[in-house]
Amino acid sequence: MNQLNQIAKELLTSQKVKLVIGYGEGTDGRVRPVFVRKSEDASQLIWDDRCRQNLAVYLNKTEIREIGFPIAIVSLPATVRSIVQLIAEHQFQVEDVIPIVQEGANVTTIENKERLEQYAAANPVVFPPFVVEEIENIRNKSVEERFEYWQEELSRCFKCYACRAACPLCYCERCITDVNTPQWVCVPPHAIGTFEWHMNRAMHLAGRCVECGSCTIACPVGIPIGLLTMEATRIAREELGYEPGIKCDVPAALATFRPDDKESFIL
Amino acid sequence: MTYYTISHNNLLEFLKSIRAQGKKLIAPQQREQKIFFMETDDVSSIVFDYIQTSISPKDILFPRVEPLITYELTADALQVNDRAEQLPSISTVLFGARPCDAVALTMLEKFFAEEPGDPFVEKRAKQLTVISVSCSKADSYCFCTSVGVSPGDTRGSDILLTPCENNEYYVEVLTEKGNDLVQKSQNLFNKSEKKEKEKYLANVSSDIPAEEISKRLENAFNNPLWNEASLRCIGCGTCAYVCPLCSCFDIEDEGTQKCGTRLRCWDSCGFALFTMHTSGHNPRRTQSERWRQRVLHKFSYLPQRVQVFGCVGCGRCSRACPVDMNLKEQLQLIKEAL
């Protein structure tokens, strides 16, 4: 991936960015996020099929913010959508972040709003076949069976909040579950506590989740937790006509009232 | 101490007989791509081929959520029930722990035995018999030998099985509890001489001198390496929750003015809320300060205070970390940088 290294090197040499966030070799054949600040370190950047984490999660991290914008970031299609969504949610400006993307056989940068929105719309997130299958499988269940399914899956949840930590859209400085005067979400990791947490997270990501799957990948106990936020986003898409991550200036799906909003799907 | 050998098939029979005696059997089982210690009635569901389970067995002694007291206010009295007194008496057998896990369980027991003591952990530890299996394989995440544990360590186990040739295990019966179990199924075991088991064990190199690292950490608080090393840390609690020794907890009250429950839940120093003051001030403002706390607690504060490392080198935190934070690598970096 010489093109990638070249682009990163130029961005840093020209001082166009202070930091390039990308993937590098990790331990035991894994990849890990790397943070390149010097052009001579650009050679550690790699890009292959192992690179699945949505790196947009770092754009709201305190230590990264302290390094300062502009930041270039090696981006999968879902990462670009997260960036667009974060711009729509006023987390930073278009010029603060330069996505480095694959376009056909080329690696290139996106440096203006039109290109950004165009790329996001033209490159939807492609789910692996087992995800499509699993969604279909759950949708075909009765309400009772679905409840049983999630009861079984969530019984393994010990609330490490890796789903939240891995999610670029879970950037609240104080998450609802951490608000404890009074306590809004039931904290203990028993049946009610885990359900309450994951239902809350799904509702908060309805119309915002870009379906990158980072939460599912991060889960240390193997819960396909991303299916919940994906389903919430599907409902927002179908019922409210809202597609997250493709427009830089749209109001939030669940924080906006329109007189013609459907009410049929509200419990 | 007595020694036996047992065939794989007889071992399954032995585990079956344990269950038949009405004991609770907890053993490694696979779900999705992960391996968990779970209660089982069916010994054929037990997994044998793993380097280390994904999740540690600590919740056998220290469950992720535990009611401590319940209270009820009636017209004329406040009634408080101590849940420790209501803990069920059920003899439990943990099968398939690695030697590092068995060592960790004894350390966990000691942490909770510190004043004023903990009747929950104490009672569970008394009821628990540990049948461990030595490590014949290790991976790059394992570093038990650097923290004074070994792939055939007998500490904390009641029975230790070491896989050897011909699908057989060499059996070391180490305690009275272990002996009681073996005596009940004596016909499944063959008497053996004491064996040299080294040749059956995984080779885990001990290239990180943890004691030396402890000393270097005494002056490491303000070193810039913490920030560099933890830039990629996303601040989840995975490392703490898969760790066999992390034992920080949070107390939660659930209920109303009339009745409710006080619960103890796992907590992690990786969370911002862990040190958040009521005022909103957080003495560990950034993730790098939280990561530093994790490393210093395990490799500096605990050795200073109770002369043990808060780590048995099982490698679970590094295997489970979604962003490849690797504890062994961190220790190597400290060794090189300080």
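The values are calculated or read from the model by the stated rules, or taken from the named source; none is laboratory data. Nothing here was measured: the structure is a model prediction, and the numbers come from that model. Virtual Cβ from ideal backbone geometry, glycine too; neighbours counted across all protein chains shown. Side chains included, ligands, DNA and RNA excluded: accessible areas come from the protein's heavy atoms. Shrake-Rupley method; radii C 1.70, N 1.55, O 1.52, S 1.80 Å.
Tabulated results
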{"item": "Residue that is nearest to residue A:115 (Cα to Cα), among those in region A:240-255 that are assigned to a helix (DSSP H, G or I) and open to solvent by less than 50 Å² (accessible area, probe 1.4 Å)", "result": "A:253"}
{"item": "Any chance residue B:166 is at pLDDT below 95 and either open to solvent by 30 Å² or more (accessible area, probe 1.4 Å) or in a strand (DSSP E or B) (or both)", "result": "yes"}
{"item": "Filter result (of a type in the set (S, T, N, Q) and more than 14 Å from every other protein chain (Cβ to nearest Cβ)) within region B:287-327", "result": "B:293, B:300, B:304, B:307"}
{"item": "Unmet requirement for residue A:155, which otherwise passes all of (1) more than 18 Å from the chain's Cα centre (by Cα); (2) open to solvent by less than 40 Å² (accessible area, probe 1.4 Å); (3) under 24 Å from residue B:239 (Cα atoms)", "result": "(2)"}
{"item": "Scope region A:184-233; condition open to solvent by 30 Å² or more (accessible area, probe 1.4 Å) and of a type in the set (D, E, K, R); matching residues", "result": "A:196, A:208, A:231"}
{"item": "Whichever residue in region B:234-247 is open to solvent by 20 Å² or more (accessible area, probe 1.4 Å) and under 24 Å from residue A:31 (Cβ atoms) and, among such residues, is farthest from the other protein chains (Cβ to nearest Cβ)", "result": "B:239"}
{"item": "The one condition in (1) in contact with a strand residue (DSSP E or B) (Cβ under 9 Å, 6 or more places away or on another chain); (2) part of a helix (DSSP H, G or I) that residue B:12 fails to fulfil", "result": "(1)"}
{"item": "Residues (part of a helix (DSSP H, G or I) and free of Cβ contacts under 8 Å to residues at least 60 places away in the same chain) located in region A:1-32", "result": "A:2, A:5, A:6, A:9, A:10, A:12, A:13"}
{"item": "Selected residue (criterion: nearest to the other protein chains (Cβ to nearest Cβ)) from residues of region A:177-195 that are outside any loop (DSSP other than H, G, I, E, B) and within 17 Å of residue B:263 (Cα to Cα)", "result": "A:178"}
{"item": "Residue that is farthest from residue A:64 (Cα to Cα), among those in region A:92-122 that are at pLDDT 95 or above and assigned to a loop (DSSP other than H, G, I, E, B)", "result": "A:112"}
{"item": "Filter result for residue A:258 (in a loop (DSSP other than H, G, I, E, B) and surrounded by 17 or more Cβ atoms within 10 Å (Cβ to Cβ))", "result": "no"}
{"item": "Failed criterion for residue A:236 (all others in (1) assigned to a loop (DSSP other than H, G, I, E, B); (2) open to solvent by less than 20 Å² (accessible area, probe 1.4 Å); (3) touching a Pro at 6+ places or on another chain (Cβ under 9 Å) hold)", "result": "(1)"}
{"item": "Among the residues listed as A:85, A:44, A:91, the single one being farther than 16 Å from residue A:11 by Cβ and open to solvent by 10 Å² or more (accessible area, probe 1.4 Å)", "result": "A:91"}
{"item": "Residue A:42 vs. criteria assigned to a helix (DSSP H, G or I), within 12 Å of another protein chain (Cβ to nearest Cβ) and among the hydrophobic types (A, V, I, L, M, F, W, C)", "result": "no"}
{"item": "Restricting region B:311-338 to residues that are among the small types (Gly, Ala, Ser) and open to solvent by 20 Å² or more (accessible area, probe 1.4 Å), the residue that is nearest to residue A:31 (Cα to Cα)", "result": "B:320"}
{"item": "Residue match in region B:274-282 (condition: touching a helix residue (DSSP H, G or I) at 6+ places or on another chain (Cβ under 8 Å), among the hydrophobic types (A, V, I, L, M, F, W, C) and at the interface with another protein chain (Cβ under 7 Å from one of its Cβ atoms))", "result": "no"}
{"item": "Of all residues in region B:248-273 being under 12 Å from residue B:294 (Cα atoms) and more than 9 Å from every other protein chain (Cβ to nearest Cβ), the one that is least open to solvent (accessible area, probe 1.4 Å)", "result": "B:269"}
{"item": "Of all residues making up region B:199-233, the number that are outside any loop (DSSP other than H, G, I, E, B), without any contact (Cβ under 8 Å) to a residue 12 or more places away in the chain and either more than 14 Å from chain A (Cβ to nearest Cβ) or on the phi > 0 side of the Ramachandran plot (or both)", "result": "2"}
{"item": "Out of B:64, B:31, sole residue that is within 14 Å of another protein chain (Cβ to nearest Cβ), in contact with a strand residue (DSSP E or B) (Cβ under 9 Å, 6 or more places away or on another chain) and at pLDDT below 95", "result": "B:31"}
{"item": "Evaluation of residue A:94 against (1) farther than 30 Å from residue A:252 by Cβ; (2) in contact (Cβ under 8 Å) with a residue 60 or more places away in the chain (one fails), failing number", "result": "(1)"}
{"item": "Matching residues in region A:4-39 - criterion: being of a type in the set (Ser, Thr, Tyr) and more than 13 Å from every other protein chain (Cβ to nearest Cβ)", "result": "A:13, A:14, A:39"}
